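Asks: Submitted below is the structure of interest, expressed as structure tokens.
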Amino acid sequence: MATVTEPRRLTKRSLQTKLLIDGKWVDSASGKTFATINPATEEHIADVAEGDAVDIDLAVKAARRAFDSGPWRKMDARDRGRLITRLADLIEENIDELAEIETLDNGKPISEARGGDLPLVVDCLRYYAGWADKIQGATIPVRGNYFTYTRKEPVGVAGQIIPWNFPLMMVAWKWGPALAAGCTIVMKPAEQTPLSVLKLGELAIEAGFPNGVINIVNGFGETAGASLVAHPGVDKIAFTGEGNTAKIISRAAVETMKRITFELGGKSPNIVFADADIDKAVDGALLGIYLNQGQCCCAGSRLFVQEEVYDQFISRLAAKVNARSLGDPFDPATQQGPQIDKAQFDKIMSYIAKGKEQGATVVAGGERFGTKGFFIKPTIFADVKDDMAIACDEIFGPVLSVIKFKEVEEAITRANTTDFGLAAAVWTRDIAKAHSIAHRLRAGTVWINCYDVFDAAAPFGGFKRSGIGRELGEKALDNYTELKTVTVSLD
Ligand code: NAI
Ligand code: MG
């Protein structure tokens with residue numbers, strides 16, 4: 001691999017590395033820091049303040065004060081919306097720098113960070129800015145001489161725990177509805193990607209959010225994350241990550257009866273019928289699995305292809321996959337960067353080994369790329385059986401399992417044979433078939449003749465073990481509001 005060309009403007013001094021608590025940048029109480037590394041070079045980027053239970057307590061208290069007695073609660077809803085708009089504008093003004101930090105810390109190609117993630121971040125915040133003054137209750141016709149109405153009030157202090165695959169996008173999905181609803185926030189970013197979120201914290205202060213409304217505490221899951229979940233001053237936990245982590249969080253959160261929403265993993269079926277536009281379906285299948293190095297909760301990792309077109313589909317996929325450009329994520333032509341860290345790299349490589357052992361055929365990739373950085377060649381397995389590990393488990397990497405099927409009913413049954421239910425896709429020119437299959441797939445999102453189409457207005461979340469609740473759209477506002485019923489005697 002050629003040398004990695006980090007942009008010169010990202011000097012250590014320009015990176016924010018402290019904790020944001022009560023509107024101030026502070027070191028952790030313990031004075032501890034942890035290193036964040038560049039996954040493309042395995043080199044050290046910066047040492048970041050490492051928060052634990054003490055810092056979480058300070059942040060929750062600040063968020064509590066801001067919620068219970070700060071100017072935030074008295075602010076007109078429309079002015080809250082204007083602050084969110086101001087933040088979106090500042091992100092847009094600083095879009096190049098934010099994209100570069102994201103690429104440096106996460107390894108995703110700059111073309112995706114700059115052209116995909118960041119524009120969606122801005123759009124999502126603008127969308128929720130518009131909701132701030134439109135969160136309305138209802139009047140209810142009850143028996144007797146009473147007037148009954150409902151109010152939607154902010155749930156309070158929201159603890160938000162996010163993963164490393166789309167750091168800034170996860171912030172937008174979580175801050176947008178929480179701020180629109182009038183909540184205050186303590187955010188715990190992922191330990192692999194602490195940097196871009198801190199930059200957003202700087203912009204939030206510049207935008208004028210009152211002290212304590214947005215707090216950011218970096219640190220590890222078992223310490224900072226767990227203290228946030230356990231803290232009695234937190235009203236709600238929103239989490240995106242692994243199912244096993246969600247179980248731990250769920251058990252801890254119930255002690256103080258926190259509201260929870262979870263967005264977890266998947267093993268999403270992508271079903272291609274022989275009557276599909278095959279060129280479009282090939283591109284959709286590639287996007288579905290390889291976007292973001294395969295580190296997507298909704299990755300289309302089980303590709304079902306109807307037998308009439310199975311062989312030609314695989315050879316077309318392989319030709320395109322072998323032409324993908326891997327390498328320096330700062331090169332604008334790069335399509336695939338490194339996996340996030342050594343742990344994920346090892347996990348993915350062990351699944352590739354299992355796929356080979358269990359008898360699937362490697363059609364492309366199947367090995368590491370280069371000798372430095374956590375790069376894995378985009379991999380395609382053919383002749384995959386439903387019970388192989390690569391067909392059942394979330395790999396969270398650039399590994400596609402291609403599975404042959406014959407009939408519609410069979411495709412639906414096999415697609416639904418998983419505990420996950422986040423997303424699915426169907427490719428066919430028969431529109432009636434497409435809709436009827438979409439209705440029968442047990443997944444929170446179904447794409448027809450497209451993949452990975454996201455919009456701030458369209459709800460997203462999982463059936464079954466892929467999560468609880470929905471993010472995005474009007475629906476996500478429910479995650480951050482309590483419904484209050486007020487009844488007045490008219491006698
Ligand atoms: P994870 O679920 O452990 O980490 C996600 C976030 O939760 C991080 O901020 C982490 O610090 C925090 N966390 C971890 N343990 C915690 C605890 N006990 N209490 C509170 N917070 C805690 O996910 P990880 O280890 O990074 O990745 C493991 C696997 O999870 C991946 O291989 C992938 O399969 C899946 N995953 C799914 C994601 C999605 O978008 N649905 C995102 C990231 C990972
Ligand atoms: Mg973990």
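The values are calculated or read from the model by the stated rules, or taken from the named source; none is laboratory data. Just so it is clear, the model here is predicted, and its values are computed rather than measured. Note that we place each Cβ from the backbone using ideal geometry, even for glycine, and neighbour counts take in every protein chain shown.
Asks: If a residue has to be under 21 Å from the mean Cα position of the chain (by Cα) and closer than 24 Å to Ala178 by Cα to count, how many in region 64-112 make the cut?
Replies: Count: 9.
Asks: Step by step: first the residues of region 171-229, then only those that are surrounded by fewer than 24 Cβ atoms within 10 Å (Cβ to Cβ), among the hydrophobic types (A, V, I, L, M, F, W, C) and farther than 26 Å from Ala40 by Cα, then the one that is farthest from ligand 1 (Cβ to nearest atom). Which residue is that?
Replies: Per the criteria, the residue is Ala207.
Asks: Restricted to region 362-383, and to residues that are of a type in the set (Val, Ile, Thr) and surrounded by fewer than 24 Cβ atoms within 10 Å (Cβ to Cβ), which residue is farthest from Phe304 (Cα to Cα)?
Replies: Top of the filtered list is Thr371.
Asks: Can you go through Arg78, Arg86 and tell me which one is at pLDDT 95 or above, touching an Asp or Glu at 6+ places or on another chain (Cβ under 8 Å), part of a helix (DSSP H, G or I) and more than 17 Å from Leu195 (Cβ to Cβ)? Walk me through how you get there before you give the answer.
Replies: Values: Arg86 fails: touching an Asp or Glu at 6+ places or on another chain (Cβ under 8 Å).
None of the others qualify; the one that does is Arg78.
Asks: Please pick out the residue among Asp52, Asp68, Asp57 that is of a type in the set (D, E, K, R), free of Cβ contacts under 8 Å to residues at least 12 places away in the same chain and within 18 Å of Ile214 (Cα to Cα).
Replies: Asp68
Asks: Can you pull out the residues in region 341-396 that are among the small types (Gly, Ala, Ser) and within 16 Å of Phe420 (Cβ to Cβ)?
Replies: The answer is Ala389, Ala391.
Asks: Sticking with this one: Could you please find all residues in region 371-388 being among the charged types (D, E, K, R) and over 23 Å from Gly327 (Cβ atoms)?
Replies: Correct list: Asp383, Lys385, Asp386, Asp387.
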